[in-house]
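Structure first, then comments.
The values are calculated or read from the model by the stated rules, or taken from the named source; none is laboratory data. Treat the numbers as computed from the prediction; the structure is a model and nothing was measured. Quick reminder, even Gly has a Cβ in these numbers, built from the backbone with ideal geometry, and neighbours come from all protein chains shown. Quick note on the areas: whole protein, heavy atoms, side chains included, nothing else; ligands and nucleic acids left out. Shrake-Rupley method; radii C 1.70, N 1.55, O 1.52, S 1.80 Å.
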Amino acid sequence: MCLIVFAWRPEHALPLVLAANRDEFHARPSLPLGCWEDAPWIVGGRDLQAGGTWLGITARGRFAALTNIRAPGQPPGLRSRGELPERYLRGELTPGDYLAELAGRCADYAGFNLLVGDHRQLWHLHSHTGEPRPLAPGLYGLSNAGLDTPWPKLTRARAALASQLARPDPEHLLELLADTQPAAEHELPRTGVSLEWERRLSSIFIASPEYGTRASTALIRRADGTLDILERSFGPQGPLGEVHYRHPPGA
């Protein structure tokens, strides 16, 4: 994932409302949202090159999502970051215990942000600091820097999410993720890539022949445990299809 905006409200009727774009090279093979054949309790997309996922959830309420940290020249990492959400979703550790165990091994991976949670708590780990932290109720955004780093696309998407929280709807959440407006040049972050790439990566939805937004995901989890997830997949020429997952079916 390269952009996640979410409302975490554990005492609310809708404790988790999330909109996320996964940006990746189009040549990297992956599967769209679905129940995994070898772990049918996990719902998420799946990377077919290195395994793992960028966002997933279970019927029991375990949730995990990942973004990369943009830092050109960083070591590639000994292990794939996609295993980090997968290991949490397959496991039994609490969010805090999982991140505490992981914190000492961050150097095994290229830079990442990791969100893990359940019905009661949501935690964040930024690999460059190595300090897990529980998140208080609130509205948050993650891109390819730290939590709530005010990149233009993050602040734009977070504001759009805030405007929908009274009556969130998966279709409308996907609409906010489809915004292709680039940031003004004076607002661009300086992350070590070329100015052309800073412009290209500055929009909420990224479209280019070789790299871009591969999946847009809207997720709503209700306090009664029901899930409503809508994912739309994209290739270099445009939309490829969508998956609408509800748990239980018909919810």
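Looking only at region 85-130, filter to residues that are acidic (Asp, Glu), touching a strand residue (DSSP E or B) at 6+ places or on another chain (Cβ under 8 Å) and open to solvent by 20 Å² or more (accessible area, probe 1.4 Å); which one of those is nearest to ARG9 (Cα to Cα)?
It comes out as GLU86.
Quick check on ALA183: is it in contact with a helix residue (DSSP H, G or I) (Cβ under 6 Å, 6 or more places away or on another chain), of a type outside the set (Lys, Arg) and either within 30 Å of TRP41 (Cα to Cα) or not in a loop (DSSP other than H, G, I, E, B) (or both)? It is false that ALA183 is in contact with a helix residue (DSSP H, G or I) (Cβ under 6 Å, 6 or more places away or on another chain), of a type outside the set (Lys, Arg) and either within 30 Å of TRP41 (Cα to Cα) or not in a loop (DSSP other than H, G, I, E, B) (or both).
Within region 7-40, the set of residues being among the aromatic types (Phe, Trp, Tyr) and touching a residue at least 24 places away in the same chain (Cβ under 8 Å) comprises TRP8, PHE25.
Considering region 143-159, the residues that are touching a strand residue (DSSP E or B) at 6+ places or on another chain (Cβ under 6 Å) and free of Cβ contacts under 8 Å to residues at least 60 places away in the same chain include one that is most open to solvent (accessible area, probe 1.4 Å), namely ASP148. I'd like to know if region 124-139 contains one or more residues that are part of a helix (DSSP H, G or I), out of contact with any Gly (no Cβ under 6 Å at 6 or more places or on another chain) and at pLDDT 95 or above. No: region 124-139 contains no residue that is part of a helix (DSSP H, G or I), out of contact with any Gly (no Cβ under 6 Å at 6 or more places or on another chain) and at pLDDT 95 or above. The residue of region 221-251 that is most open to solvent (accessible area, probe 1.4 Å), among those that are farther than 25 Å from ARG120 by Cα and hydrophobic (A, V, I, L, M, F, W, C), is LEU240. Do the conditions hold for GLU185, that is, is it touching a His at 6+ places or on another chain (Cβ under 8 Å) and either of a type in the set (Asp, Glu) or modelled with pLDDT under 95 (or both)? No, not satisfied. Of ALA184, ALA218, ALA162, all but one fail to be within 17 Å of LEU16 (Cβ to Cβ) and open to solvent by 30 Å² or more (accessible area, probe 1.4 Å); the exception is ALA162. Within the option set ALA7, ALA27, ALA19, being out of contact with any strand residue (DSSP E or B) (no Cβ under 8 Å at 6 or more places or on another chain) and of a type outside the set (Asp, Glu) holds for one residue only, ALA27. Checked against the criterion of being more than 24 Å from PRO72 (Cβ to Cβ), of a type in the set (Ser, Thr, Tyr) and surrounded by 18 or more Cβ atoms within 10 Å (Cβ to Cβ), the candidates TYR140, TYR211 yield just one match: TYR140. Take GLU171 and tell me if it is acidic (Asp, Glu), crowded, with 20+ Cβ neighbours inside 10 Å and assigned to a helix (DSSP H, G or I). So GLU171 does not fit the description; no.
In summary, strands (runs of 3 or more DSSP E) completely within region 1-84 and bearing 3 or more residues that are open to solvent by 40 Å² or more (accessible area, probe 1.4 Å) occur at 30-35.
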